[in-house]
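Right, one structure below, let's go through it.
Quick note: the coordinates plus some simple rules give every number you see, no bench work behind them. These numbers were taken from a predicted model, which means no experiment stands behind them. For neighbour counting, all protein chains shown are included, and Cβ atoms are generated from backbone atoms with ideal geometry for every residue, glycine included.
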Amino acid sequence: MNQSRLKILFLSPRFPFPLIGGDHVKCYHLLKHLSTNHDVTFVTFNHGENPTQEQIKSIEDLGVRLVAMPLYPYKAALGCLRTLFTDMPLEIAFYYSDAFAEVVEKLCTENEFDLGISFFMRSAEYIRHKNFPKILVAEDCRTMYQQRSFEVSSSFKQKLVRWWEVRKLRKYEPWIVNDFDRTTLVTREDITAMQRQNAYADYRLLTNGVDLSEYPANLSHEGRQTVLFAGKLNVWANEMMVKSIIKDIAPKVHVSMPDTVFQIVGANPTKTIIQLAENYPLKGHIQIVGTVPRLQEYYQKAAVFIHPHSGASGIQNKLLEAMASGCPVVTTPTGAQGIPVVAGRDYLIGKNIGELAENVISLLKNQGLRETIAKNARLQIEKHHSWEAIYEAFDTIIDEIVPQPISSNGKESVLENVYEHHK
């Protein structure tokens, strides 16, 4: 690792606290790691309002200089109209703000940054033309994500939006990565998809991690019979999976094992999800739990984590958490992409609804199989997805593009930490 203390400008379209969702977790952990050895200025949006004091403290306690701005969804959506006749995708236009751009420009004028980091392509516009070395933490190939989402969507509105985004992203995505020294993605599949669009940009694998101390494994499955799904329930992809669980998978499982309870855990369950659960023939067998303080105990008590993934891209953080916690996973061929696990050894795979249900039933009936799969999966998470491994990979990427700065007296320059909240 380059030992010199760097001045880093880190941008994100979302405030990474509370730690709910993979994007929040990864952004927070990267900030936490970088701030231990460098001076980090973090500029971010917070949806709907200024961040709370708890949110501000969560970042400032890391030793990070914070500039946070509210993003009002309706205003941002209206702002997208001005880009309809440009090459900018809606998901990029939604997060483009003149005020945000002015803050970034002012910071760049007042500071000589050694490195710029855009977390997500949605913040790339703000520093793409800056002269300092830059990393785009893209996470997934957005064109592939939107194309797969278009293919599996049954909603005309969703199909129209996805079609529009694919059309825009095919031009924008391979173009924007040219302005960054490195672009990181979470899976080899995403890197391959990006290379098909632009073979000349520099891509690196930077997978996601799990705090293994926060997700200790419970490998004893004595008496465990609950089938679990967890995720933010107002996210379109998660809502689609929950619908599939309630309408297609649970009825097949209940034919064989009528006492099985399915727990759906996560923030903001939609009206559709709530109604499906209320109208399910076996009352009480579909439980919508909603927001919980800690997911860990649900992973550790469930017999199976069901994940009927369809399409999309990137890595599924909920599977990392379940596997780390000792909860056997049943998912589709695309569900475990980016996680170095083997089907049949570390998790069970189902290519269709029938196979998914059969695998759930097999695990519910076989405690020994559950415990073996749980143990194997935990070992793989420990080996490949600890945060320490991700930090080491990120440091290597930084060292590739940032020259060793040497001051006139041959000593490192250490800057005093500054805390700032932009209102």
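Things to note:
- Loop-located trypsin sites (Lys or Arg not before Pro) in the stretch 1-85, at most 15 other Cβ atoms within 10 Å (DSSP): ARG5
- Among GLU165, GLU239, the order by Cβ neighbours within 10 angstrom, fewest to most, reads GLU239, GLU165.
- Label point distance in nm, LYS171-LEU219, each placed 7 Å from Cα along Cα→Cβ: 5.5 nm
- Anchor LYS75: aspartates and glutamates whose Cα lies under 13 Å away (excluding residues fewer than 8 positions away in-chain): GLU49, ASP98
- Short-range pairs are left out: with C-alpha atoms under 8 Å and at least six residues apart, the relative contact order of the stretch 56-126 is 26 percent.
- Set of the stretch 173-202 residues, backbone N closer than 14 Å to the point 7 Å along the Cα-Cβ line of GLU151: 190, 193
- Over every Cα atom in the chain, the radius of gyration and the widest Cα-Cα span, Dmax, amount to 22.2, 76 Å.
- Loop-located GluC sites (Glu not before Pro) in the stretch 104-146 (DSSP state other than H, G, I, E, B) with a sparse environment of at most 15 neighbouring Cβ atoms within 10 Å: GLU112.
- Legend: calculated FRET efficiency, ASN352 to GLU400, from the Cβ-Cβ distance at R0 = 35 Å, rounded to 0.05, equals 0.25.
- Above-threshold pairs, the threshold being 21 Å between Cα atoms, out of LYS351/LYS375; LYS106/LYS130; LYS232/LYS365; LYS168/LYS232; LYS106/LYS171; LYS232/LYS271: LYS351/LYS375; LYS232/LYS365; LYS168/LYS232; LYS106/LYS171
- Residue order for SER325, SER153, fewest other beta carbons within 10 angstrom first, comes to SER153, SER325.
- Normalised alpha carbon radius of gyration of the stretch 227-384 [divisor 2.2 N^0.38 Å]: 0.95
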